[in-house]
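What follows is a set of notes on a single structure, which appears directly below.
The values are calculated or read from the model by the stated rules, or taken from the named source; none is laboratory data. Remember, predicted model here, so these are calculated numbers, not experimental data. FYI the Cβ positions are ideal-geometry reconstructions off the backbone, even for glycines, and counts take in every protein chain you see.
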Amino acid sequence: MKDSESSLDIPEQEPCAFCDYLSGVRPFTVLYRDDLIAVLVTREQRGIGHLLVLPARHYPTLLESEPNERHSMMDTLAWAAAAIDAAFERPGIAVWQNNGTAAHQAIPHLHFHIAGTLSGGGTDFGDVPELTVEQTDQIAAQILAAIHIAPDLRSTPR
Ligand SMILES: [Zn+2]
């Protein structure tokens, strides 16, 4: 489905920040990527080990996704949940995804959020500090150390 066929109001951003991160035009912590999907460590940590799972291909919402991308994103979310669990041992893990500005989508490139819950529970939807890429690199290193293996989506993190 083309986005012109949906009723959603899509945020405007040119160029796309996520495409710039994936192409290396702008520095960002990329925990994993392959032909279909990528896992980023967001600089706005709204939970413990807050990651973004997104398609490598640029399109705005779930409505434009293809079946193979959806399957890969779900597999990747399950991998990310296991990785967050191994690295941070939180009592809860939240997954959320917003389509359209009315749903508070800010970047017009489909992405899922996944994060371990904060002390006291839940995640933070208010203002959070913007971490440096060095700090998000440390979060990635903590995750990779906990699972002992490079991300391989056909394997379960140990
Ligand atoms: Zn993009």
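Key figures
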quantity	calculated
Test: residue 64 is more than 30 Å from residue 145 (Cα to Cα), touching a residue at least 40 places away in the same chain (Cβ under 8 Å) and buried (at least 17 other Cβ atoms within 10 Å of the Cβ)	yes
Pairs where the first residue, in segment 125-153, is farther than 19 Å from residue 95 by Cβ and modelled with pLDDT under 95 and the second is part of a loop (DSSP other than H, G, I, E, B) and of a type outside the set (Gly, Ala, Ser), C-beta under 6 Å, 6+ apart	148/158
Filter pass, residue 130 being at positive phi and of a type in the set (D, E, K, R)	no
Set 115, 94, 102, 87: member being at pLDDT 95 or above, within 25 Å of residue 58 (Cα to Cα) and more than 15 Å from the chain's Cα centre (by Cα)	102
Residue in segment 1-24 that is modelled with the lowest pLDDT, counting only those that are hydroxyl-bearing (Ser, Thr, Tyr) and assigned to a helix (DSSP H, G or I)	4
Qualifying residue in segment 76-91 (condition: touching a residue at least 60 places away in the same chain (Cβ under 8 Å), buried (at least 19 other Cβ atoms within 10 Å of the Cβ), closer than 20 Å to residue 140 by Cβ and touching a Leu at 6+ places or on another chain (Cβ under 7 Å))	yes
Strands (runs of 3 or more DSSP E) contained in segment 25-131 and holding at least 1 residues more than 16 Å from the ligand (Cβ to nearest atom) and among the charged types (D, E, K, R)	none
